[in-house]
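Here the structure comes first, spelled out in structure tokens, and everything after it is commentary.
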Amino acid sequence: MRMAMVSAVLLVPLLAGAQGLADPTRPPGAIADSAELAAAGGGPVLQSVMLSPTRKVAVISGEMVVLGGRYGTSQLVKLSETEAVLKSGGELVVLKLHPQVDKKPAGGKAAGGKDGTAQGTANKTKK
């Protein structure tokens, strides 16, 4: 009996501490799950984009939608690596894969050479 009581007293702090552990693989600053945000009234959320020569699919709030297919009353009319465009009536809604990221060119100029091509070193093999 005494041993069971000591074991219970020692285990309680361990169990209480385990509840506060965060997922170490989650990106910093990440908030609630995207599907939870959509369910909470935040509107549709673009979660993933899959592009191949034969198929173009977006995952919007947990639902797979092919290009030209429907999400609710909206139609998926455009899909790129970073965004999806839904059309509902005459209104277009742009969903960004990473809405918190605002990409801007460094220094206001396009990267690369004079003709706009990328510069840098490439792995070349000599024969």
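The values are calculated or read from the model by the stated rules, or taken from the named source; none is laboratory data. Just so you know, these numbers come straight off a predicted model, no measurement behind them. Positions of Cβ are backbone-derived with ideal geometry, glycine not excepted, and every protein chain shown enters the neighbour counts. To get the accessible areas, we keep the full protein, side chains included, count just its heavy atoms, and leave off ligands, DNA and RNA. Shrake-Rupley method; radii C 1.70, N 1.55, O 1.52, S 1.80 Å.
Specify the residue that is nearest to the chain's Cα centre (by Cα); the eligible residues are those in the stretch 74-93 that are of a type in the set (D, E, K, R) and surrounded by fewer than 12 Cβ atoms within 10 Å (Cβ to Cβ).
GLU81
Can you tell me which residue within the stretch 36-73, out of those that are open to solvent by 40 Å² or more (accessible area, probe 1.4 Å) and part of a helix (DSSP H, G or I), is modelled with the highest pLDDT?
Applying the filter and picking the extreme gives GLY42.
For VAL93, all conditions in the list (1) modelled with pLDDT under 50; (2) assigned to a strand (DSSP E or B); (3) among the aliphatic types (A, V, I, L, M) hold save one; what is the number of the exception?
(1)
Restricting attention to the stretch 78-88, which residues are at pLDDT 95 or above and over 23 Å from LYS103 (Cα atoms)?
Once the filter is applied, which keeps residues that are at pLDDT 95 or above and over 23 Å from LYS103 (Cα atoms), the stretch 78-88 yields only LYS87.
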